[in-house]
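Every number here is computed from the coordinates shown, using simple stated rules; none is lab data. Fair warning: this is a prediction, and the values are worked out from it, not measured in the lab. Quick reminder, even Gly has a Cβ in these numbers, built from the backbone with ideal geometry, and neighbours come from all protein chains shown.
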Amino acid sequence: MSKTSTPLRRRDKTSATEVRQRGSRTFWLVAAVYVLAMLGGTLPVPLYLLWAPRMGFGPLTTTLIFAVYAIGVVVSLMLFASMSDRSGRRPLLFAALALAAVSTVAFLLADDVMVLLAARLFSGLATGIVTATATAALEELAGHGRTRRATITATAANLGGLGIGTLIAGLLAEFAPDPTSLVFWIYLIALVPAVLATALVPETVVQPRRPTLAVRRPTLPTGRADRVLFLRVAAAVFAAFAVNALFSSLVPDFLHGVLHVASEATVGGVVALLFLSALVAQLGAPARWLERRWLAPGFLVVGVAVFVAGLWTRSFPVFVVGTVLAGVGSGLAFRRGIAVTARLADPRRRADLNATYFLAAYAGTIVPTLALGGLDQVLDAKLATAILAAFIIVITVAAAVAPQRSPARAVPRRPRS
């Protein structure tokens, strides 16, 4: 009996190791797909300066194009994102990649503003699906007790992908031939291995059902204390994404028109700096920092004030410093929100609460961006930006001073993965 029991134990140990390794591989496959999908959302940002003279549009149209993207995200979150809780993660990830491919083809064919609007709408639909679905999939694939690993990876994939997209597009716009086409050909080719990677990911939803399309109301946690906490982090991410929207929609025009920056690579790099500063803050901040009430709001408020001062004084270095500070605040707010959402979500409805969280985030990109585009038509660009900055600061401070949960119910620290 002893001779036969040892090999059995070894086989069981090997099998368990293989399962863990396979789970780790599929976790990182989903993370890679998440990065690629988010990357596609910001590829057009440095290219508006090239499209504008060719198609004859100005800052207001630029903000409208970006707002259409944000509207696509919101519509997608309301219609499709929570569907993965019932129909499975993989089908929705495939749908997101298909919409990204349609958007990319539309950008390749774009010869007027209407085609650009359609391309951005499809891009927004893809982003809305992937944010809620991939975030939920990462939480499930990370395994029990490894929530911190999942939340850090999800936040890094989201904002890191956004930053990499603007950086790549800016460099290609500056140094490559036919930049408004080449970048999208490269992206379209990159979607092929993403589809293959998704095919290798195991389904994490037990007994997925046939998809049914319905408009879902935003989901909130049960219990008053949990709802208050969730609404606080939702308000914070609303303000953070309002800053992201300002950079992604109008900062290229501001850099070109106010600060006289002519290089597309520099424009893409500055916008990328916001997202990459957020990424570094997410990865480097200790978990205890998330418990400090004024840390993320403080960075965000100071960063917004400093980059607006850079515009008013026409100082590029001051503008860059403000960009870094705002990025750190945005990253810390986003990571805390993802962690809180993961902790409060019903395991059977992870994508539902994720969808509500991202609804708050992308709502922060629509109204302020459109308002700034409208104000820019009747006010000086710097004054219009200062008005939006004041609005963002008010929302940020309001979220920070809102009632907190009792210390006994505070967000617990997660064990290191």
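Looking only at 78, 38, 114, which one moves most when the chain is put into a Gaussian network model with springs between Cα atoms under 10 Å?
114
Over the chain, what number does the Rg to Rh ratio reach, with both radii from the alpha-carbon atoms and Rh per Kirkwood?
1.00
Grab the beta carbon distance between residue 190 and residue 378, set R0 = 30 Å, and tell me the FRET efficiency rounded to 0.05.
Working: r = 42 Å, r/R0 = 1.40.
For R0 = 30 Å, the calculated efficiency reads 0.10.
With an 8 Å cut-off on Cα pairs and a minimum separation of 6 or more residues, tell me the relative contact order of the chain in percent.
25
Given the rule -39500 (n - 2.57) for each run of at least 4 DSSP H residues, summed and divided by the residues of the chain, what is its mean residue ellipticity at 222 nm, to the nearest 500 deg cm²/dmol?
Result for the chain, helices only: -27500 deg cm²/dmol.
Any idea which of 351, 305, 129 is furthest toward the positive side of the dipole for the chain, if Lys and Arg beta-carbons carry +1 and Asp and Glu beta-carbons -1?
351
So, in Å, what gap is there between the alpha-carbon centers of segment 275-293 and segment 80-139?
Here the answer is 28 Å between Cα centres.
Using a basic spin-label model with each label point 7 Å from the Cα along Cα→Cβ, how many nm lie between residue 203 and residue 387?
5.2
I need two numbers for segment 306-394: Rg to one decimal and Dmax as a whole number, Cα atoms only, in Å.
Calculated on Cα positions, Rg and Dmax stand at 16.6, 52 Å.
Which whole-angstrom value gives the distance between the alpha carbon centres of segment 42-79 and segment 298-344?
Segment 42-79 and segment 298-344 have Cα centres separated by 22 Å.
When every alpha-carbon pair in segment 316-364 is counted, what percent end up more than 12 Å apart?
Within segment 316-364, distances greater than 12 Å cover 69 percent of Cα pairs.
Mind putting a number on the dipole of the chain about its Cα centre? Charges go on the C-beta only, +1 for Lys and Arg and -1 for Asp and Glu, and I need it in Debye to the nearest 20.
Using only the charged Cβ atoms, the result is roughly 2660 debye.
Where in the chain lies the longest segment free of trypsin sites (Lys or Arg not before Pro) that are both loop residues by DSSP (not H, G, I, E, B) and have at most 13 other Cβ atoms within 10 Å?
In short, 1-208.
Using the Cα centre of segment 58-150 as the reference point, and only Cβ charges (+1 on K/R, -1 on D/E), how large is the resulting charge dipole? Debye, rounded to the nearest 20.
For this selection, approximately 440 debye.
Please name whichever of 64, 296, 104 sits farthest to the positive end of the charge dipole of the chain, dipole taken about the Cα centre and charges placed at Cβ: Lys and Arg +1, Asp and Glu -1.
Final value for the positive-end residue is 296.
Could you check the spin-label model distance between residue 394 and residue 54? Points 7 Å from the Cα along Cα→Cβ, value in nm.
The modelled label-to-label distance comes out at 4.0 nm.
Treating only the Cβ atoms of Lys and Arg (+1) and Asp and Glu (-1) as charged, compute the dipole magnitude of segment 147-269 about its Cα centre; round to the nearest 20 debye.
Value, rounded to 20: 1020 debye.
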